[in-house]
Structures are given as C-alpha cells and as structure tokens.
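None of the figures in this text is laboratory data; all of them are computed from the coordinates on show. Just so you know, these numbers come straight off a predicted model, no measurement behind them.
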Amino acid sequence: MSGQHRIVLPLPLALLLENIRSTGLTDDEIVRCLQARDYAAIEALTLADPAMSIAERAALAEELGIDWAEVIRSGYEFGFLHLNGLKRLLAFRYRLHAGTDYEADEERLDGLRLTAAQAEELSGLIHRQWLVQPQSDPGQPDGEAGTDGDSLVGAYGAVLHSVQRKQG
C-alpha cells in the first residue's frame, strides 16, 4: 500500500477493526458485517477483547462517516496512539503481550519478535508517534530470532525489534 493515501483512524475505531480482525474474519466479511450492522455475528466469535462494545464503536464510525470498504482498500494509520493503545494493537494484531512477549516502559518496547513484513506493517500503522527499529539479540547473530522449533515466529525469520516513542 505504499504510495497510496492511508486513512487516519481515531484510536477507538482502529482498535475496533483490529479487534474484529482478531476473530479471523476476512476483510470482506468485516465490511459486510459492519455495513449491515450485524454485530451479533462478530460478537459470536472469539474477540481478542470481548468486553469492547462493537455496536458503540461502529455507531461512532457511522457518525464520523467512516467508509470501512475504503479503509480496507487504502489501509489506515493511527492518528494518535498512546502506550496502552500500542500494547492493545500488538495484542490484537500480533498476539504479543507485555511482560510475556516483550518488555515495556513509558517510552519504548523491547524484544518484539516480528518478521520484516510485520515490522514494516507496524511501522506504517504507528509511524506518526512511534519508531520501529531492529534490535540486536545478544544470543543470536545479527539479531535473528532462534529457530529451535520452540518459537513459531522464529521459524519464519522473525528478528527482535524495539518500538520507541518519537521525540518532539
């Protein structure tokens, strides 16, 4: 999607989309459900955050005139993303959790195992406030993740990354 204009989504709506995507629905199915206001079909599935009110956030999207088909077609990025929103994004989209899959403080996250494609995708979503960078892994050459079979992501060429809040 590089070269295309991405839609800037407010945090609650971007997390709504990522939470729905966590169910395994295709983008086309998501658009159909949201356009038809068929929230029960979404809520019947296993959401990363089942407490999130799909109907409330979808109503906000309608009020703001969000065209979900266009969001899917063009892609989106976060307009503003605080630390807890970033952690939720990582949990919804990549199933990565603070303290288990990476370490976090107020200004940065360290030890995120992401493929190059995932790192590029994440950077495109959060680039306004956060910088995604490769991080060296003291136990592996060139920061490569282990491929000992214990790490499914490692088997797909994941490397350690850090995400740091941009200054300014």
Once each part is reduced to its C-alpha centroid, what is the distance from region 52-116 to region 23-48 in angstrom? 17 Å
Subtracting the Cα-Cα distance from 0.36 nm times the residue separation, let me have the gained length for GLU103 to ALA116 in nm, one decimal. 2.7 nm
[x] 9, 27, 20, 10, 5, 4, 4, 5, 6, 5, 4, 1, 0; [y] 10, 36, 34, 17, 3, 0; [z] 9, 32, 33, 20, 6, 0: which one is P(r) over Cα pairs in 10 Å bins from 0, in percent as calculated from this entry? [y]
The chain, relative contact order [Cα under 8 Å, separation at least 6], %: 22 percent
Only helices counted: for the chain, with every DSSP H run of 4 or more residues adding -39500 (n - 2.57) and the sum spread over all residues, [θ] at 222 nm is -11500 deg cm²/dmol
Percent relative contact order for region 7-78, counting Cα pairs under 8 Å at least six residues apart, stands at 53 percent
